[in-house]
1. Exactly one condition in (1) over 27 Å from the mean Cα position of the chain (by Cα); (2) surrounded by fewer than 19 Cβ atoms within 10 Å (Cβ to Cβ); (3) not in a helix (DSSP H, G or I) is not met by Ile289; state its number.
2. If you check Leu93 against the conditions, is it surrounded by 10 or more Cβ atoms within 10 Å (Cβ to Cβ), at pLDDT below 80 and within 30 Å of Ser164 (Cα to Cα)?
3. Looking only at segment 348-377, which residues are within 14 Å of Pro326 (Cβ to Cβ) and open to solvent by less than 50 Å² (accessible area, probe 1.4 Å)?
4. Mind listing whichever residues of segment 320-338 are modelled with pLDDT under 95 and open to solvent by 10 Å² or more (accessible area, probe 1.4 Å)?
5. Among the residues of segment 400-445, how many are of a type in the set (A, V, I, L, M, F, W, C) and open to solvent by 100 Å² or more (accessible area, probe 1.4 Å)?
6. Show the residue pairs that are 6+ apart or on different chains and have beta-carbon atoms under 7 Å apart, the first residue being within segment 278-303 and closer than 26 Å to Lys266 by Cα, the second being open to solvent by 70 Å² or more (accessible area, probe 1.4 Å) and not in a loop (DSSP other than H, G, I, E, B).
7. If I filter segment 131-139 for residues that are open to solvent by 20 Å² or more (accessible area, probe 1.4 Å) and in a helix (DSSP H, G or I), do I get at least one hit?
8. Yes or no: segment 249-271 includes at least one residue that is hydrophobic (A, V, I, L, M, F, W, C), part of a helix (DSSP H, G or I) and touching a Phe, Trp or Tyr at 6+ places or on another chain (Cβ under 8 Å).
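The values are calculated or read from the model by the stated rules, or taken from the named source; none is laboratory data. What you see is a predicted model, and the numbers here were worked out from it, not measured in a lab. Note: ideal-geometry Cβ built from the backbone for every residue, glycine included; neighbour counts use all protein chains shown. Protein only, heavy atoms only, side chains kept; ligands, DNA and RNA dropped before computing areas. Shrake-Rupley method; radii C 1.70, N 1.55, O 1.52, S 1.80 Å.
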Amino acid sequence: MLFPCRRPGGEGVSEKQSDGKKASPPEASKKVRKQTSEESEAQAVVSESTECDWARLPQELLLHILQYLPLLDRAYASQVCRGWNQAFHMPELWRCFEFELNQPASSYLKATHPDLIKQIIKRHSNHLQYVSFKVDSSTESAEAACDILSQLVNCSLKTLGLISTARPSFMEVQKSHFISALTVVFVNSKSLSSLKIDDTPVDDPSLKVLVANNSDTLKLLKMSSCPHVSPAGILCVADQCHGLRELALNYHLLSDELLLALSSEKHVHLEHLRIDVVSENPGQHFHTIKKSSWDAMVKHSPKFNLVMYFFLYEDEFGPFFNEEIPVTHLYFGRSVSKEVLGRVGLHCPRLVELVVCANGLRPLDEELIRIAKHCTQLSAIGLGECEVSCSAFVEFVKMCGRRLSQLSIMEEVLIPDHKYTLDEIHWEVSKHLGRVWFPDMMPTW
C-alpha cells in the first residue's frame, strides 16, 4: 500500500510517476539540485542584463562624462581600469586647461600641482588649445606662468588668457622674460582667436609678432592697463586684423585713426568696444575724440556696444560728453558731478545701462528726468551714494516704464518728500514697472 504525501497545495499524490515507475530518493535529490542550479544561472543572467558594465562604456560617452569632472576627480577615475586611464590621456580632455599658480604664503586659493604641470608639458602640450593662467599678486607666480609659456613650443593655441587676481603680478616680471614667453605662443600659434592680456608689459614689437602670425584669426583682444603699448601699436593690430570683433583697451590708446581703421570696408562689424578711462594722477589731461570718428564707427557697425568705465576726478571730465557719443554702457566708479550727468542725458542717445557709484549731496532730480527723456533705450540703472527725491524717482520710472529690466537703487538714495514716503514709494514704482520692486540694502552692481 502506498501512503500519500502532501504538496503545499494539500493535494495527495502518489510517489509512483506517470510512467508507472518509482522515483528513488537519490534521483529526486539530483532533480532538485539541477533545478536549483538552473534557477541560479537564470538569475545571474538577469542581474548582468540589468547592471551596467562600466569597463565597457563607449569611449565617446566616457570622455563626455570626464569633461564635467574636476581635474582631481578625473585623476581618481583614471585609476579604475586600463580603459579609463587611456581615456584620461585622450587629447580631447586636454584641449582646455587653466593653470592656477599661487603662493601658499600669500593666497588661500589652490594651485595646480607641479607634478601635473610637468606631465601636461611632457605629454599634452601639443593638445592644448584653450589655455588660461590664473595667478595671485606674487611675482613668483607670474614668473612661473612665463616659464610654462616658454615651454609651449609644440602647441597651437586658439585662446590665451592671463588673469591676475590682484595687482601687480605680471607687471613686476622682468619685461624681457615676459615678452620672450609671449612671443613663443605668438609664433607657434597660427590660429589664435582670443587673447586676454590685461595688466601686462606687452609692447608694440610683440604685437607686431602677434599680427604677423595670427592676423587672419584674431577676433578678441583685451589689453587694458598695458602701459608699454602705444596708439601706433594698437593701430597696427586694427589695420591688419580685419576679423577683430571685440576690443578692450585704455583711453590713452584710443584715437581717431583707430576708430577709422575699425570702420574701414575691409574690417568686419565690430561687436564690442570697451574703454577704461582711468586717472593715475589728479589733474591728468585727456584728449578728445572727434564726433565724425564716432559717426563713422556707428555707420560701419550700427549694433556695436561701446562700454566706458570712468575712474576720474570731477575736474577731469572736461573733454567728455560735450558732443554726441555712441556709448551704450556707462559706469562711473568715482564721484561724478551733476553737470556731467546732465551732459550724459543730452549726448548719449544709445545709452542702455548707467551706473553711478557716487555723486554728492545735491539731488539728481533734473538729471534723471533728462536721461529718461533723451536716452530712450535705457533699460538698466544703478545708483549708489547719490540723492534723488522720491517724486523725481517715480517720474523717472514712469517715463522709462517696463523697459527698465534692472533697477538697483540704494535705499539711502531716495529722499522722502511731500508726495511719497519710503514706505509708499515701492508700491508706486512697482505699479509702473509691472513687477514687485524694493530699494536695495546694498549695491548689486
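1. Just one mismatch for Ile289, condition (2).
2. No; evaluated as a whole, the condition is false for this residue.
3. Correct list: Cys348, Pro349, Arg350, Leu351, Val352, Cys375.
4. Gly333, Arg334, Ser335, Ser337, Lys338
5. 5
6. Matching pairs, first to second residue: Ser293/Leu260; Ala296/Leu260.
7. Scanning segment 131-139, I find at least one residue that is open to solvent by 20 Å² or more (accessible area, probe 1.4 Å) and in a helix (DSSP H, G or I), so the answer is yes.
8. Checking segment 249-271: at least one residue is hydrophobic (A, V, I, L, M, F, W, C), part of a helix (DSSP H, G or I) and touching a Phe, Trp or Tyr at 6+ places or on another chain (Cβ under 8 Å).
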